[in-house]
1. Report the rotationally averaged projected area of region 1-48 based on its alpha-carbon convex hull, in square nanometres.
2. What is the distance in Å between the Cα centroid of region 117-145 and that of region 16-79?
3. Long-range amide H contacts for Phe112: which residues qualify at under 5 Å (H placed 1.01 Å from N, peptide plane, sequence gap of 5 or more or a different chain)?
4. Grab the alpha carbons of region 75-145, take their convex hull, and tell me the volume per residue in Å³.
5. Solvent-accessible area per residue for the chain at a 1.4 Å probe radius, Å²?
6. Please report, as a whole percent, how much of the solvent-accessible surface of region 1-102 comes from carbon and sulfur atoms (probe radius 1.4 Å).
7. For the chain, what are the DSSP H helices with axial Cα length of 20 Å or more and mean Kyte-Doolittle hydropathy of at least -0.5?
8. Starting from the Cα-Cα distance between Ser96 and Leu77, subtract it from 0.36 nm times their residue separation and give me the gain in nm to one decimal.
Amino acid sequence: MNWNEVAPAGAKALFGIHHYITRETALPDELIHLVFLRVSQINGCAHCIDLHSRDLLKTMPLEKVLLVPVWAEVPHLFSDPYRAALAWAEEVTLISETHASDEAYAKVAAAFQPKDLVDLTLAIAAMNAFNRLGAPFRLPVKAKP
């Protein structure tokens, strides 16, 4: 089912948040797509993994994109702010398990100004919402056999 055709008003609202994140924040595009990809990997949304991998490959080498799921094991590949954002993305996505730990919050708060931290958290929340529509409705991927 194409959820945004079935409920265009809801899609407009959610895409409004996406527009804000990608067009009206100071967050770098690469960081946004990195967080979108990691959240989508955790949630198992094939459509979003395919989409955001392609977006990320525009600015990041393939070898690095392939290691996003294990970013903590290759700290030399990601800057301190990127590692803090990835950790925060995992904490917020898995909030029922992590409760957004004080340790992760301290690291991300040290790496980002308050406005950027709120915008980053909005990006994570929005991608979780998109994943919860994309995965259950089996949105297609561009990848071909």
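The values are calculated or read from the model by the stated rules, or taken from the named source; none is laboratory data. Source: prediction; values computed, not measured. We work out accessible area using only protein heavy atoms, side chains counted, and drop any ligands, DNA or RNA first. Shrake-Rupley method; radii C 1.70, N 1.55, O 1.52, S 1.80 Å.
1. Details: hull surface 15.3 nm².
Mean projected area for region 1-48: 3.8 nm², to one decimal.
2. What the calculation gives is 11 Å, centre to centre.
3. When sequence neighbours closer than 5 places are left aside, there are no close amide H contacts.
4. Details: hull volume 9.3 nm³, N = 71.
Looking at region 75-145, the number lands at 132 Å³ per residue.
5. Heavy-atom SASA per residue in the chain reads 56 Å².
6. On the way: 3230 of 5480 Å².
Here it works out to 59 percent.
7. 8-23, 29-43, 114-134
8. On the way: separation 19, 0.36 × 19 = 6.84 nm, distance 2.88 nm.
Here the segment from Ser96 to Leu77 would lengthen by 4.0 nm.
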